[in-house]
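Enquirer: Sharing a structure, written as structure tokens. Questions coming.
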Amino acid sequence: MADESEKQTRSFSSWKFEMLDAMSFDPELSGDVFRFAYRLLAHVNRETKLAWPALETVAAQMGIHRHTAGRHAQKLCDLGWIERERPNRRAGYHFRFLEGRICRILENMDDRNSKLNEDRERRFEVADLQRRESFEVANLHFRGSKSANFDVAELLPKHLQDNSVHRTPSDSAPEGSDSDPSYGTDQGRRANG
């Protein structure tokens with residue numbers, strides 16, 4: 001008997017979690033309405049899956065006014081998450097959580113996930129094309145040796161052809177200056193006069 005009641009408790013807990021999980025994906029639920037649904041779900045009976053707390057009780061737990069709690073309950077009814085019934089005018093409301101909205105929300109999530117995957121694939125395709133183009137720009141070519149060496153072509157890109165980084169100090173220094181390595185030696189003095 002203990003195993004059976006434990007299974008029922010687990011299945012009830014998983015049902016509650018599925019409801020909350022699906023509600024968290026619903027873009028039409030605001031944070032306050034979701035909090036109200038969470039508090040309402042805390043009052044659900046395991047056997048009947050009905051909740052019958054007074055709106056004043058839930059409002060007090062959330063720190064909101066009773067009328068605000070009533071608006072949140074109405075929003076959940078309008079969206080198809082709960083249905084509320086009242087046996088007579090003097091009795092309080094009984095709230096029943098409906099599972100029909102879960103399927104629609106999960107289908108929408110599958111659609112969103114497939115669109116996200118398509119977008120990611122397109123971005124990877126563009127990245128692969130850009131990577132190939134950058135290899136073509138670098139002018140890599142294959143030398144037919146067994147060691148499969150790759151060499152970068154001798155041509156520098158246009159923006160680097162007149163760059164001082166590729167010059168040696170003797171190329172850029174005027175003759176006879178301090179940065180000329182031959183200046184000050186016997187050969188430099190003979191060459192300079």
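The values are calculated or read from the model by the stated rules, or taken from the named source; none is laboratory data. Everything numeric in this text was worked out from a predicted model, so none of it was measured. Note that we place each Cβ from the backbone using ideal geometry, even for glycine, and neighbour counts take in every protein chain shown. Accessible surface is based on the protein model in full, side chains and every heavy atom, while ligands, DNA and RNA are left aside. Shrake-Rupley method; radii C 1.70, N 1.55, O 1.52, S 1.80 Å.
Enquirer: Once you've got the Cα coordinates, tell me which of LYS49/LYS115; LYS16/LYS75; LYS75/LYS115 are over 25 Å apart. Show your work: numbers first, answer last.
Expert: Details: LYS49/LYS115 36 Å; LYS16/LYS75 19 Å; LYS75/LYS115 29 Å.
Distance filter (> 25 Å) returns LYS49/LYS115; LYS75/LYS115.
Enquirer: Based on the Cβ-Cβ distance from ASP110 to HIS67, what FRET efficiency comes out when R0 is 25 Å, to the nearest 0.05? Kindly include the intermediate steps, with their values, before the conclusion.
Expert: Details: r = 38 Å, r/R0 = 1.50.
The value I calculate is 0.10.
Enquirer: Over the heavy atoms of ILE105, what accessible area does a 1.4 Å probe trace out, to the nearest 10 Å²?
Expert: For ILE105, the solvent-accessible surface is approximately 10 Å².
Enquirer: Moving to a separate point now. ASP111 accessible area, nearest 10 Å², 1.4 Å probe?
Expert: 90
Enquirer: Using only alpha carbon pairs under 8 Å that are at least six residues apart, calculate the relative contact order of region 1-70 and give it in whole percent.
Expert: That works out to 21 percent.
Enquirer: Nearest 0.05, what FRET efficiency do ASP3 and THR48 give at R0 = 25 Å with Cβ-Cβ as r? Kindly include the intermediate steps, with their values, before the conclusion.
Expert: Working: r = 22 Å, r/R0 = 0.89.
Step by step, r from the Cβ atoms, then E = 0.65.
Enquirer: Choose one of GLY100, CYS77, SER114: the residue whose Cα lies farthest towards the positive end of the charge dipole of region 63-115 (beta-carbon charges +1 Lys, Arg; -1 Asp, Glu; about the Cα centre).
Expert: CYS77
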